[in-house]
Amino acid sequence: MPQALPATTIIAQLDRFRRTAPLTHVITNDVVTGFTANVLLALGAAPAMITAPEEAGSFAAIASALSVNVGTLTSAQAATIRIAVQAASRAGTPWVLDPVAAGVLPYRTELCQELLQQHPAAIRGNASEIMALAGQAAAGKGVDSANQSDQAIDAAKALATRSGAIVAVTGEIDYITDGERVVSIKAGDPLMTRVTGTGCALSSVVAAFVAGCPAEERLNAVASACAVMAIAGQRAAARAKGPGSFVPLFLDNLYLLDAITITEALA
Amino acid sequence: MPQALPATTIIAQLDRFRRTAPLTHVITNDVVTGFTANVLLALGAAPAMITAPEEAGSFAAIASALSVNVGTLTSAQAATIRIAVQAASRAGTPWVLDPVAAGVLPYRTELCQELLQQHPAAIRGNASEIMALAGQAAAGKGVDSANQSDQAIDAAKALATRSGAIVAVTGEIDYITDGERVVSIKAGDPLMTRVTGTGCALSSVVAAFVAGCPAEERLNAVASACAVMAIAGQRAAARAKGPGSFVPLFLDNLYLLDAITITEALA
Amino acid sequence: MPQALPATTIIAQLDRFRRTAPLTHVITNDVVTGFTANVLLALGAAPAMITAPEEAGSFAAIASALSVNVGTLTSAQAATIRIAVQAASRAGTPWVLDPVAAGVLPYRTELCQELLQQHPAAIRGNASEIMALAGQAAAGKGVDSANQSDQAIDAAKALATRSGAIVAVTGEIDYITDGERVVSIKAGDPLMTRVTGTGCALSSVVAAFVAGCPAEERLNAVASACAVMAIAGQRAAARAKGPGSFVPLFLDNLYLLDAITITEALA
């Protein structure tokens, strides 16, 4: 039975995150680089999008966390990702995998399966992606999930147990698991699906929250990352007239998020 | 003599488009990927930016439409475009060409001429680009047109006849032709030229409107795509204080566009 | 002793810039391409992001200015940058270097040092980057400076003398120097550091202001570019609720900037 994440946990995790302003190395798809950087900056992280094979390894080793997203994978980017992930693993930099459209396209699905060997700290995807990575039949439509998030809870637990990662399945309700405990978050708004990059940016926020976090606190850190995005999205959607006005409101709400707004949103 | 596009046609086409939420494969330039995805999402399509040669062919075959834009062409991207366009042609996926800066730079002009052999469903460009593709002397300044759209009507008709594509020349007035009929749209606002990507995003909207559309309806589908962008732009510009506030208003207006706002805008 | 830049100089430079609407060739990082184009369009330039090695040389030769930023450098991009910079030097097109994270990552630091031989018209960076390029010990954190801008004044003067470029060190106060005179600008707002790309976009604005400018006016042109960005940022921040609402307000303020708003901001 999933447990709701308490507001006090989210507040404590956000506070820890903001105090450390983690240097977050992001290797993501072309579509969302700018938005992802702006989400991280609004929350208070220090993002760096380092994508050259010549630089990605040494940077992953000095960064506080690494976020890897295969949304517009090319063979050149796959090479960079391998270098960065290996360097991160070796240096003890926690890294997060966003398996965009895994299960739909074999090329990226194979890379994601290969990367699972490198001990990701967390994996964040939609239901279809998590089910595909766990080896279950899933139905994605392009980059969108054709499955509800609760259909993927068992897949998420299996994947967490197998990989050692915290697994987050996001959707109308988010479920986050370490293979045993399952935490749920019911916030957010459907308007978030009408803006590109909210899921991708969340994966980088997960990386930034995992930075410097003790292993036993990781489930709370990942769940709190999901919660701050969902809460800011819900608050933004309440005032937005459409997906255009949503974006500035969302970033402002990330920036302004505090104990009061978090507590209100979950009340 | 160009005919004005009736509001009822635009309303019917937008309705068909929204009911199908077409999976739209977009290969576009670096500058506008995020904005293009947001435009498609705001209108109700399902965009997917798949750019690897390993994936572009199989994805173009399953997508409902493909949009190709040469704005930041590299040799790697040219290879991907060839694969995607051939796969689309073979699978019967309609595809749209945006020949950014054709006529100004020989490398991309040659690729565009080559791609014309692959039966695009539609071509969308500014006057200079369409004149250059049709083999007429044109005068572009970088990515901007140095010609008025009405100067390119004959070139557009000739290009449509030669390629079998619907050709849209956009500018202060848009002209859309199948080689015989010419439809015109007088909407939009000069502020749209002070924001990057409105033309590029339009080409992807054209692709999304052409998805699943019978051949005899294509002229109406392409013209309606131009019309919804121009109408949303005009409505946004009426309330914007500059190009910054224009963008969120534009996306909101695309999202909110309906029979009433379309009818009002053309009254 | 740094001198404050008079409002009348900024007004005259902005006026000259807007009358010529310079065709500005931009080779920049993936994260900020769209934002940079929108900044240039809002101010009144004609940006073109031409990134293929097949096209970059011929385009740099016909452009009014070239802007080069190494923020997401790859070996393919390094090759394009070399071609573009050489073509610009040969054709007399002024070009500007933005040495993002120079000093932190050896690969890009070496390229920047190599490019200094090609006579940049201007160099724009934060304190850590300018100190690193000048050969002084600096402390960057990823892409952010760990030094205050006034710590880099001597490095900027030395770098200007050695390279022949106008050097701009931006931060809470901006310092711009030709190696002898130092001009300072105190405007802007800390919120600008919570939005990705304000520094990168500024470097392209510097290029656009340097376009068509006589050598003896270059210090004023570069300083005015810094000033218009800082003034628009300050005006936007005064009304923004966070980094999300800042962006549209910033672009609107760039678009609306005039003699009155410039004079007010410096009063």
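³J(HN,Hα) across segment B:144-161 via Karplus (A = 6.51, B = -1.76, C = 1.60, θ = phi - 60°), whole Hz, x for Gly/Pro?
Karplus values, whole Hz, x for Gly and Pro: 9, 7, 9, 10, 6, 4, 5, 5, 9, 4, 5, 4, 5, 5, 5, 5, 5, 5.
Once R0 is set to 25 Å, what does the formula 1/(1 + (r/R0)^6) return for the Cβ-Cβ distance between residue B:260 and residue B:1, expressed as a FRET efficiency to the nearest 0.05?
With a Förster radius of 25 Å, E is 0.25.
By accessible area of protein heavy atoms, probe 1.4 Å, what ranking do B:175, B:255 get, highest first?
B:255, B:175
Which three extents, in whole angstrom, do the alpha-carbon atoms of chain A cover along their principal axes, largest first?
43, 37, 37
With point charges of +1 on the Cβ of Lys and Arg and -1 on the Cβ of Asp and Glu, referenced to the Cα centre of the protein assembly as shown, which listed residue (A:214, C:3, A:257) lies farthest in the positive direction of the dipole?
Towards the positive end, the residue furthest out is A:257.
With a 1.4 Å probe, how much accessible area is buried between chains C and A, both sides summed, in Å² to the nearest hundred?
Chains C and A together bury approximately 2100 Å².
Let me check I've understood the local charge: for residue C:123, count other residues with C-beta under 11 angstrom from its C-beta, Lys and Arg +1, Asp and Glu -1. What total comes out?
Neighbourhood net charge equals 0.
Please report, in debye to the nearest 20, how large the charge dipole of the protein assembly as shown is about its Cα centre when each Lys and Arg carries +1 at its beta carbon and each Asp and Glu carries -1 there. Provide the component values of the computation, followed by the final result.
Details: 51 positive and 63 negative charges, 80 e Å.
Approximately 380 debye in magnitude.
Two decimals is fine: what's Rg over Rh for segment B:84-148, C-alpha atoms, Kirkwood radius as Rh?
That ratio equals 1.01.
HN-Hα J couplings of segment B:210-223 from phi, Karplus 6.51/-1.76/1.60, θ = phi - 60°, integer Hz, Gly and Pro as x?
6, 4, x, 9, x, 3, 6, 9, 4, 4, 5, 5, 5, 5
Which of B:166, B:130, B:50 moves most in a GNM of chain B, Cα contacts under 10 Å?
Taking springs between Cα atoms under 10 Å, the residue moving most is B:50.
Which listed residue (C:35, B:246, C:63) has the Cα farthest towards the positive end of the charge dipole for the protein assembly as shown, taking +1 on Lys and Arg C-beta and -1 on Asp and Glu C-beta about the Cα centre?
B:246
How large is the charge dipole for segment A:61-141, taken about the Cα centre, if only the Cβ atoms of Lys, Arg (+1) and Asp, Glu (-1) carry charge, to the nearest 20 debye? Don't skip to the end; give the middle numbers.
Values: 5 positive and 4 negative charges, 16 e Å.
Computed charge dipole of segment A:61-141: roughly 80 debye.
Do any residues of segment C:9-35 lose at least 50 Å² of accessible area when the full set of protein chains is present rather than just their chain alone, and if so which, with a 1.4 Å probe?
With the partner chains in place, segment C:9-35 has these residues losing at least 50 Å²: C:30, C:31.
Any idea what the dipole of chain A comes to, in debye rounded to 20, about its Cα centre with Lys/Arg Cβ at +1 and Asp/Glu Cβ at -1?
The dipole magnitude comes to about 180 debye.
Go ahead and set up a Gaussian network model of chain A, Cα springs under 10 Å, then flag whichever of A:100, A:31, A:222 fluctuates most.
A:31
On the accessible surface of segment A:121-267, probed at 1.4 Å, how many percent belong to carbon and sulfur atoms?
50
Over segment B:116-256, average the accessible area per residue using a 1.4 Å probe and give it in Å², no decimals.
35
Grab the DSSP H runs of the protein assembly as shown that are 4 residues or longer, score each as -39,500 (n - 2.57), total them, divide by all residues and round the 222 nm result to the nearest 500 deg cm²/dmol. Mind dumping the intermediate values first?
Details: 33 runs with 411 residues, N = 801.
One gets -16000 deg cm²/dmol as the mean residue ellipticity at 222 nm.
From largest accessible area down, sort A:180, B:55; use a 1.4 Å probe on the protein chains.
A:180, B:55
Roughly how much of residue A:104 is accessible, in Å² to the nearest 10, using a 1.4 Å probe?
Answer for residue A:104: close to 40 Å² accessible.
Which distance in Å, rounded to a whole number, links the C-alpha centroids of segment A:167-228 and segment C:47-64?
42
What are the nm distances, shortest first, from residue B:18 to its equivalents in the other copies, labels at 7 Å along Cα→Cβ?
Distances between equivalent label points, in nm: 3.9, 3.9.
Can you work out ³J(HN,Hα) from phi for every residue in segment C:114-119, in order, using Karplus 6.51 cos²θ - 1.76 cosθ + 1.60 and θ = phi - 60°, giving whole Hz and x for Gly and Pro?
Each residue's phi maps through the Karplus curve to give 4, 5, 4, 5, 9, 6 Hz.
Restricting everything to alpha-carbon atoms, can you work out Rg to Rh for the protein assembly as shown with a Kirkwood hydrodynamic radius?
On the way: Rg = 25.2 Å, Rh = 26.5 Å.
With Rh from the inverse mean 1/r over Cα pairs, Rg/Rh is 0.95.
When chain A is modelled as a GNM with alpha-carbon springs shorter than 10 Å, which of A:163, A:67, A:58 fluctuates the most?
Of A:163, A:67, A:58, the Gaussian network model singles out A:58 as fluctuating most.
Rank these residues by their accessible area, most exposed first, probe 1.4 Å: A:35, B:209.
Descending accessible area places them as A:35, B:209.
Under 5 Å between amide hydrogens, which residues at least 5 positions from residue B:29 or on another chain qualify, with H placed 1.01 Å from N in the peptide plane?
Result for residue B:29 returns B:71, B:72.
Tell me, which residues of segment A:238-259 get at least 40 Å² less accessible area when the other protein chains come in, versus the chain alone (1.4 Å probe)?
By number: A:241, A:243, A:244, A:248, A:252, A:255.
The values are calculated or read from the model by the stated rules, or taken from the named source; none is laboratory data. Model, not experiment: these values are computed from the prediction. FYI the Cβ positions are ideal-geometry reconstructions off the backbone, even for glycines, and counts take in every protein chain you see. Note: accessible area is taken over every heavy atom of the protein model, side chains too, but ligands, DNA and RNA are not part of it. Shrake-Rupley method; radii C 1.70, N 1.55, O 1.52, S 1.80 Å.
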